[in-house]
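Undergrad: Sharing a structure, written as structure tokens. Questions coming.
The values are calculated or read from the model by the stated rules, or taken from the named source; none is laboratory data. Just so it is clear, the structure is predicted and the values come from calculations on it, not from any experiment. Here the Cβ positions follow ideal geometry from the backbone for every residue, glycine too, while neighbour counts run over all protein chains shown.
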Amino acid sequence: MPEGPEVPLSGLRLPRVKPEHRAYRTVDGNVRIGSVVYGIGAEVADPDGWIWTLTETLDGTRGPLDAVTEVLTRHPGLEQGLVTQAMRDLYEAGFLEDAGAELPEGLTGEDHVRYSRGVTLLRWMDLSPRPTTWELQARLRSARVLLLGLGGTGGFAAQGLVASGVGRMHCVDGDVVELSNLNRQPLYRESDIGRPKAEAAAEALRALDSRAALTTERREVRGADDLAALLAPGYDLLLLCADRPPEVRRWANRVCLATGTPWLDAGYRGPLVTVGVHVPGRGACWECHRAGDVDRRDLRLAAGQDEEVASPRMDWNPVNAVTAGLSGHLLTHAALALLTGVPRMEPGFRFGLNLMTLAEPVEERYGRRADCPACGTPPG
């Protein structure tokens, strides 16, 4: 390499500011870069104007060495160490990408077209330095997901994950399509009535992406052992979209703690739609969270009454395409975040929306409980 300023971005051939993070100047001369309004940007004082020159120079047409040299040429007397450090800071903050990066192994030209919009969004939200923004799509291609329940929430989630490029997905459901499903399960058609959901879903999802490594299974989960058997092949993530039998979330919590499998659950209760994010060893488990939620609600139940009476179960959970779709889409977002690391998400919480108010989102986060029967410290 010729002598000159230190090259701060090893492996990046043509560094450029991500288009979504394009810089601009404020009236007081500062430089804003990134999406400040979304909380993923920065504002930098620039009294001498060279920071602005650097952001303009990082346009993907020159290498790191040439970019530094250009700034030094336009600002004589500037210390080259300041420029190289500034470029390094921009890279470490996630504002730069390599305009000359090739697709990672396993991705094709068709993938470049199919996933171009999704990769752009991931690039926007990604605040980690990486040589190619397509690295995250490659992570999705290699991901293995088990989805349990192909109803309203599960149907929307399955569509979203297949469309997003998740590499391998196994979907399990024991029901058949009924007329009453069609108000909130657009994965199915009238012609599917009477067919097993697993069969009809496989057809619809393969029509969305014929290359998807997708398998489906008509099967009822009747206990923790059934769930453990389904997880036995090894998955990166379990998506629990089933609400029957009522114990299924407790089973999932115990089995996933035992296997170290991250898992998500989502659903709707009237106008409230939520998703829970659980990763063994990171934050509260589902049972910790459930206990914390009971404490928060201060139910003041009379003696002898179970806490379930405060949230009675009905023969049919009231739902339409909006509540089912929102829960499924929130689940898909959380799944993509765990699989790619973008956006960064600290597990052990539940997030949702209350359609009665459409005000602040609902977020519940509780710490791990020492007395939790699932993940607490056993008495010694």
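Undergrad: In region 135-154, is there at least one residue being among the hydroxyl-bearing types (S, T, Y), closer than 30 Å to N320 by Cα and assigned to a helix (DSSP H, G or I)?
TA: Checked against the condition, which is being among the hydroxyl-bearing types (S, T, Y), closer than 30 Å to N320 by Cα and assigned to a helix (DSSP H, G or I), region 135-154 yields at least one hit.
Matching residues to (1) among the small types (G, A, S); (2) under 12 Å from T332 (Cβ atoms); (3) touching a Lys or Arg at 6+ places or on another chain (Cβ under 7 Å); (4) in the same structural domain as T215 (by TED's automatic domain parsing):
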| site | (1), (2), (3), (4) |
| --- | --- |
| L150 | no, no, yes, yes |
| G155 | yes, yes, no, yes |
| Q159 | no, yes, no, yes |
| H170 | no, no, no, yes |
| D173 | no, no, yes, yes |
| N181 | no, no, no, yes |
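Undergrad: Run R88 past the list (1) in contact with a Ser or Thr (Cβ under 7 Å, 6 or more places away or on another chain); (2) crowded, with 16+ Cβ neighbours inside 10 Å and report the number of the one that doesn't hold.
TA: Status for R88: all satisfied but (1).
Undergrad: Ok, one more. Only one residue in A252, A266 is within 18 Å of M169 (Cα to Cα), out of contact with any Cys (no Cβ under 8 Å at 6 or more places or on another chain) and either assigned by TED's automatic domain parsing to the domain that holds T357 or modelled with pLDDT of 90 or more (or both). Which one?
TA: A252 is the lone residue from the list that is within 18 Å of M169 (Cα to Cα), out of contact with any Cys (no Cβ under 8 Å at 6 or more places or on another chain) and either assigned by TED's automatic domain parsing to the domain that holds T357 or modelled with pLDDT of 90 or more (or both).
Undergrad: In region 61-102, what count of residues is obtained for those that are closer than 16 Å to V17 by Cβ and in a helix (DSSP H, G or I)?
TA: Here the count works out to 14.
Undergrad: Also, I was wondering about something else. Considering only residues that are closer than 18 Å to H289 by Cα and either in contact with a Cys (Cβ under 6 Å, 6 or more places away or on another chain) or not in a loop (DSSP other than H, G, I, E, B) (or both), which ones fall in region 345-365?
TA: The initial filter retains those residues of region 345-365 that are closer than 18 Å to H289 by Cα, namely 345-353, 361-365.
Passing the criteria: F349, R350, F351, G352, L353, V362, E363, E364, R365.
Undergrad: Let me ask something else about it. Quick check on region 306-320. Is at least one of its residues surrounded by 15 or more Cβ atoms within 10 Å (Cβ to Cβ) and modelled with pLDDT of 90 or more? Please lay out each step first, then the result.
TA: Restricting attention to region 306-320, the residues satisfying the condition of being surrounded by 15 or more Cβ atoms within 10 Å (Cβ to Cβ) are 317, 319.
After this cut, where a residue has to be modelled with pLDDT of 90 or more as well, the list is 319.
For region 306-320, residues surrounded by 15 or more Cβ atoms within 10 Å (Cβ to Cβ) and modelled with pLDDT of 90 or more: present.
Undergrad: Go through region 189-206 and report how many residues are more than 24 Å from the chain's Cα centre (by Cα) and either under 15 Å from A157 (Cα atoms) or assigned to a helix (DSSP H, G or I) (or both). First the steps, then the outcome.
TA: Keep residues of region 189-206 that are more than 24 Å from the chain's Cα centre (by Cα), which gives 189-200, 203.
Adding the requirement that they be either under 15 Å from A157 (Cα atoms) or assigned to a helix (DSSP H, G or I) (or both) leaves 190-192, 197-200, 203.
Going through region 189-206 one residue at a time, the tally reaches 8.
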